[in-house]
Structure formats: structure tokens, C-alpha cells
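Laboratory data are not the source of any read-out in this text; all were calculated from the coordinates shown. This is a predicted model, so every value here is computed, not measured. No Cβ is skipped: glycine too gets one built from the backbone with ideal geometry, and neighbour counts run over all protein chains shown.
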Amino acid sequence: MAASTVAAIGAAADVRGYALAGVAVWPAADPDAARTAWLALGPEVAVVMVTAEAARAIGPVIDDLARMVVVLPDGGAP
């Protein structure tokens, strides 16, 4: 069985600290970057943490049942 990974998508200031825990960080400065990051996630990503702003940008596809999605509260930088 292949190992699963965790990713974080959102403004760099809000997600960069998660890299210290081994999370794959996808900085997204705007809604287009958030959508691009979501679409670029590989099948090995099982858990995705997204900022509230990124969640709004990604929209309904965030309900992808293949992944567990955690929406971080606004201002919730680690």
C-alpha cells in the first residue's frame, strides 16, 4: 500500500508553517492559484488543509470524497 500524504493550500503566510511537520505546502496568492493547486494534487494526497479563502475559491469540488478536507479558520496560521 502506498503512503498517503497531507497537503495545505492557501496564502503563504497561513500555510508555510505546516511544512515543518512534513506537509506539502501549496502557496496560493489568489483564487486562480488555489484552484490550480487543487487540480495539481496527486492521488497520494489523502488529507488537504485549505484556508477559508482557498476553500471559497475551490468551490464545490472541495467535496471530493477521495480526500479528507479540513478548512482552516481565518487567521489560523500555525
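Let me make sure I get this right: for the chain, a, b and c are the square roots of the gyration tensor eigenvalues over alpha carbons, sorted descending. Under 1.5 in a/c it's rounded, otherwise prolate if a/b > b/c, else oblate. Which is it?
It comes out oblate by the Cα gyration axes.
For the chain, build the charge dipole from Cβ charges (+1 Lys, Arg; -1 Asp, Glu) around the Cα centre, then report which of A29, T5, V47 sits farthest towards its positive end.
Of the candidates, T5 comes out farthest on the positive side.
With springs connecting C-alpha atoms under 10 Å apart, model the chain as a Gaussian network and identify which of A24, A54, A34 has the largest mean-square fluctuation.
Looking only at A24, A54, A34, the largest GNM fluctuation is found for A24.
Normalising by the residue count of the chain, find the relative contact order in percent from Cα pairs under 8 Å and 6+ residues apart.
That works out to 34 percent.
In whole Hz, with x marking every Gly and Pro, tabulate ³J(HN,Hα) for the stretch 34-42 from phi via Karplus 6.51 cos²θ - 1.76 cosθ + 1.60, θ = phi - 60°.
Ordered by residue, 3J(HN,Hα) equals 5, 5, 4, 4, 4, 5, 7, 4, x Hz.
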